[in-house]
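A.B. asks: Please find one structure pasted underneath; my questions will follow.
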Amino acid sequence: MTPDDFRRIALSFEGVEESSHMGAVDFRVRGRIFATLASVKQGYGNLVLTPDQQASFIADMPEVFLAIHGGWGRMGMTHIRLAEASEEVLTGALRTAWKGRVEKNAAAAKGKKRPR
């Protein structure tokens, strides 16, 4: 897969907008990032996953997924090796990151509602 494939797939999900953060392309739902192309020069796309999701992806396909170095990686931030990923794998990984962001956004919105 290529950065253009990553972009095309990310933008295919409901409510996604392309933006940028610190000069890197990112993909957001309701203003919150779920994926980036911040490491594209190294051949990676980046996904915002939970640590458990990250562990599962890495265990299933260590040739495709790896934790981002340091604290970000320990929080679930994950590289996907674009050249090694199939369209099915990239789509599934992006969908997982997107769904996680949608669910977090919904939970945050619910928490902000005040009882009357």
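The values are calculated or read from the model by the stated rules, or taken from the named source; none is laboratory data. What you see is a predicted model; the values in this text were computed from it and never measured. So basically every Cβ, Gly included, is an ideal-geometry build from the backbone, and we count neighbours across all protein chains shown.
A.B. asks: Can you tell me which residue is modelled with the lowest pLDDT among those in the stretch 57-116 that are among the basic types (Lys, Arg) and surrounded by 11 or more Cβ atoms within 10 Å (Cβ to Cβ)?
C.D. replies: Of everything passing the filter in the stretch 57-116, LYS104 is modelled with the lowest pLDDT.
A.B. asks: Going by what's in this entry, would GLN42 be described as out of contact with any Gly (no Cβ under 6 Å at 6 or more places or on another chain), polar (S, T, N, Q) and either farther than 16 Å from GLY15 by Cα or modelled with pLDDT under 95 (or both)?
C.D. replies: Judged against the criteria, GLN42 is a match.
A.B. asks: When you look at ASP26, is it crowded, with 20+ Cβ neighbours inside 10 Å and either free of Cβ contacts under 8 Å to residues at least 40 places away in the same chain or basic (Lys, Arg) (or both), yes or no?
C.D. replies: yes
A.B. asks: Okay, moving on. All but one of (1) without any contact (Cβ under 8 Å) to a residue 24 or more places away in the chain; (2) surrounded by 13 or more Cβ atoms within 10 Å (Cβ to Cβ); (3) of a type in the set (D, E, K, R) hold for ARG32; state the number of the condition that does not hold.
C.D. replies: (1)
A.B. asks: Of the residues VAL48, VAL25, which single one is β-branched (Val, Ile, Thr), within 28 Å of ALA109 (Cβ to Cβ) and under 11 Å from the mean Cα position of the chain (by Cα)?
C.D. replies: VAL48
A.B. asks: Just checking, does the stretch 61-72 include any residue being part of a strand (DSSP E or B), out of contact with any His (no Cβ under 6 Å at 6 or more places or on another chain) and not basic (Lys, Arg)?
C.D. replies: Checked the stretch 61-72: at least one residue is part of a strand (DSSP E or B), out of contact with any His (no Cβ under 6 Å at 6 or more places or on another chain) and not basic (Lys, Arg).
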